[in-house]
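Heads up, the thing below is written out as structure tokens.
The values are calculated or read from the model by the stated rules, or taken from the named source; none is laboratory data. These figures come from a predicted structure and were not determined experimentally. With ideal geometry, Cβ positions are generated from the backbone for all residues, glycine too; neighbour counts draw on all protein chains shown. All accessible areas refer to the heavy atoms of the entire protein, side chains included, with ligands and DNA or RNA removed. Shrake-Rupley method; radii C 1.70, N 1.55, O 1.52, S 1.80 Å.
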Amino acid sequence: MSEINTVRSNGTLQLINGKKYRGELVAGETGAAFYAKGQKVPVAEWHYARMNRMDNIRRGGTTSQITVILKDDTRYVFELAQGLKLYSHMDKNWADKPVKVKTRGDILHEQAERLGQKIEVPKKHLIVRRHPNRSITGDVIIYLLLALVAVAMLFPLVFLLGSSLKPLDELFRFPPPVWPTRPTMDNFSDLFVTMGQSWVPFSRYLVNTIFITVVGTFGHLVIAGMAAFVLAKYDFPGGRLFFLLATTFLMFASGVVTDIPNYLIMRRLGLVDTYWALILPAFAAPIGLFLMKQFMEGLPTALIEAATIDGAGRFRVFWSIVMPNVKPAWLTMIIFSVQSLWNNPAGTIIYSEAKKPLVYALQQIQGGAAVNIARTGQVAAANVIIVAVPVLIFIFSQSRILETMASSGIKD
């Protein structure tokens, strides 16, 4: 490439297979090329006549992200320190770029930018009419119904939290108040005192539960993901039958149905009274396989084939290409898996007190409240601790689930 009339910028290049290169983008009058650091042969090179689209996202200052898409669907994503200069130079020399029809608003916007004038943003109305065929009364009714449903779903959690903060006299008041008039943390402190009097420390129960939940959820994610990838993207004899059996097992996912078979299998394997008696059945939960397989079927096969052509192995394709694109599936699966493992008392397969989970210990305190009514406040505090982890995981991950679901409609 001629050194005359060229523009350069340091930055990074990311390919469609996930590979990243740090180096320099050089743009001339007829084409551009990206050279990785320490290499003389360009990693990517194209003539402007091959370009189909070019996008620019300003990061701040002169830094921006430039996406170049060629006519053969090859995609290059650059993060450049002088991205604005590179984009302007390539756009200027891109002779046969698609003509974009500009509206009068676009023209006025560009004129205001050139003159350095303040761009007026139209004020948004309180009620945005996205559906002209629906009346404002209909909108109000829909919002009222949604508010009632939200209150009905939120009320049990608020009442549970309020009960854990009530002093003993307010717990037995009738009608029971939703929120205490004199909030106190005595129920939680009494709960920890009661747990501390046990010959097994409270921390031991907590560590047992965290270990079982983390290992069981991670193993379920990896095994269900790999099995779903094979079923969704590879044809082999018996594949449809295997998935049909997996979906049939969803009807028998209840612990009441599987407790006895699980116990018999774990006893045969010699794993009764071990952590693996809870972890191994979690690996084989059918809900994860079902969710992952359904999402993976929506992935374009061309994306996987392109990564394979670029030299990525099957595990690299699975971990770097497939898993990031099925994020809503495995985030939802994590919620179900954590809820199942965290709330499992494991009283039928774990007998050693030092190996029992936290929920089992808290349930013993709940059972003692039938004899000692002074423990009623401790029971409310124990219920909050049992419910808190699954609820918090859902709250922190629901936005990511909705965001990814909205942008995951990739089609061939």
- Query: Taking interchain pairs and intrachain pairs at least six residues apart, which have beta carbon atoms under 9 angstrom, with the first residue in the range 65-77 and under 17 Å from residue 302 (Cα atoms) and the second acidic (Asp, Glu)?
  - Reply: 69/55
- Which residues, taken from the range 231-246, are open to solvent by 60 Å² or more (accessible area, probe 1.4 Å) and among the hydrophobic types (A, V, I, L, M, F, W, C)? 236, 241, 242, 244, 245
- Note on the structure: Given the conditions (1) closer than 30 Å to residue 355 by Cβ; (2) at pLDDT below 85, every one holds for residue 207 apart from (2)
- Query: If you scan the range 353-368, which residues turn out to be of a type outside the set (A, V, I, L, M) and either touching a residue at least 12 places away in the same chain (Cβ under 8 Å) or not in a helix (DSSP H, G or I) (or both)?
  - Reply: 353, 355, 356, 357, 360, 363, 366
- Query: Does at least one position in the range 357-380 carry a residue that is modelled with pLDDT of 85 or more, at negative phi and surrounded by fewer than 19 Cβ atoms within 10 Å (Cβ to Cβ)?
  - Reply: no
- How many residues are assigned to a helix (DSSP H, G or I), more than 16 Å from residue 223 (Cβ to Cβ) and of a type in the set (D, E, K, R) if we restrict to the range 295-352? 3
- Item | So residue 174, is it within 19 Å of residue 342 (Cα to Cα) and without any contact (Cβ under 8 Å) to a residue 40 or more places away in the chain | no
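For residues in the range 340-349 being surrounded by fewer than 18 Cβ atoms within 10 Å (Cβ to Cβ) and in contact with a Pro (Cβ under 8 Å, 6 or more places away or on another chain), which is nearest to residue 275 (Cα to Cα)? Let's see the steps before the verdict.
Here is the first cut: in the range 340-349, the residues surrounded by fewer than 18 Cβ atoms within 10 Å (Cβ to Cβ) are 343, 345, 347-348.
From the residues that got through so far, the ones that are in contact with a Pro (Cβ under 8 Å, 6 or more places away or on another chain) too are 343, 345.
Values: 343: 15, 345: 12 Å.
Here the residue is 345.
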- Query: Take the residues of the range 40-64 that are free of Cβ contacts under 8 Å to residues at least 24 places away in the same chain and among the hydroxyl-bearing types (Ser, Thr, Tyr): which is least open to solvent (accessible area, probe 1.4 Å)?
  - Reply: 64
- Looking at the range 169-182, which of its residues are open to solvent by less than 80 Å² (accessible area, probe 1.4 Å) and either in a loop (DSSP other than H, G, I, E, B) or in contact with an Asp or Glu (Cβ under 9 Å, 6 or more places away or on another chain) (or both)? 176, 177, 178, 180
- Message: So for the range 116-136 (the condition being over 26 Å from residue 58 (Cα atoms) and modelled with pLDDT of 65 or more), does at least one residue qualify?
- Response: yes
- Which of the residues that make up the range 247-284 are aliphatic (A, V, I, L, M) and open to solvent by 70 Å² or more (accessible area, probe 1.4 Å)? 251, 256, 257, 260, 264, 265, 269, 284
- Message: Condition first: β-branched (Val, Ile, Thr) and over 26 Å from residue 313 (Cα atoms). Can you find one or more residues in the range 72-92 that meet it?
- Response: no
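Only residues that are free of Cβ contacts under 8 Å to residues at least 24 places away in the same chain and assigned to a helix (DSSP H, G or I): list them for the range 268-294, please.
268, 269, 276, 280, 281 - these are the residues of the range 268-294 that are free of Cβ contacts under 8 Å to residues at least 24 places away in the same chain and assigned to a helix (DSSP H, G or I).
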- Item | Matching residues, the range 293-332, being open to solvent by 20 Å² or more (accessible area, probe 1.4 Å) and in contact with an Asp or Glu (Cβ under 7 Å, 6 or more places away or on another chain) | 301, 302
- Message: Given the criterion of a type in the set (Lys, Arg), within 29 Å of residue 319 (Cα to Cα) and open to solvent by less than 80 Å² (accessible area, probe 1.4 Å), identify the matching residue among 19, 37.
- Response: 19
- residue 228 is checked against (1) within 29 Å of residue 375 (Cα to Cα); (2) open to solvent by less than 40 Å² (accessible area, probe 1.4 Å) and fails just one. What number does that condition carry? (1)
